[in-house]
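Down below is the structure, laid out as structure tokens.
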Amino acid sequence: MGVEDVRAWWQTRTLGRKRAIINALMTVAIKPIGYGKRPRGEKLMETLEITSKGD
């Protein structure tokens, strides 16, 4: 990318640009957890399925 501080670069991108980048690189799926449940912390991460589109 030619950027020294990637975090700073990322924070200056618009939400639309971030979504486009994420969509180009990976697939994010939210798994069902059932009614009345609110996962927090590590349990929240268990509800996400993230796969790379580069594989």
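Every number here is computed from the coordinates shown, using simple stated rules; none is lab data. Note that the structure is predicted; figures quoted are calculated from it, not measured. Cβ coordinates were reconstructed from backbone atoms using ideal geometry, including for glycine residues, and neighbour counts include every protein chain displayed.
For the chain, state which trypsin sites (Lys or Arg not before Pro) are in a DSSP loop and have at most 12 other beta carbons lying within 10 Å of their beta carbon.
Sites meeting the loop and neighbour criteria: ARG13, LYS37, ARG40, LYS53.
Under 5 Å between amide H atoms, partner at least 5 residues away or on a different chain: which partners does MET26 have, H built in plane at 1.01 Å?
The answer is LYS53.
Taking only Cα atoms, what is the 0 to 90° angle, nearest 10, from helix 15-25's long axis to the longest principal axis of the chain?
For 15-25 against the chain, the angle is about 80 degrees.
Less than 17 Å apart at the alpha-carbon level, and either on another chain or at least 8 residues along: which lysines does that give for LYS31?
Within the straight-line cut-off, LYS31 pairs with LYS43.
Could you give me the ³J(HN,Hα) list for the stretch 42-47, computed from phi with Karplus coefficients 6.51, -1.76, 1.60 and θ = phi - 60°, whole Hz, x at Gly and Pro?
4, 4, 5, 5, 5, 7
Would you mind working out the magnitude of the charge dipole of the stretch 6-52 relative to its Cα centre, with +1 at each Lys and Arg C-beta and -1 at each Asp and Glu C-beta, to the nearest 20 Debye?
On the way: 10 positive and 3 negative charges, 48 e Å.
Using only the charged Cβ atoms, the result is roughly 240 debye.
First select every other residue whose beta carbon is under 15 angstrom from the beta carbon of THR47; then total the charges, Lys and Arg +1, Asp and Glu -1.
On the way: positive: LYS31, LYS37, ARG38, ARG40, LYS43; negative: GLU42, GLU46, GLU49.
Once positives and negatives cancel, what remains is +2.
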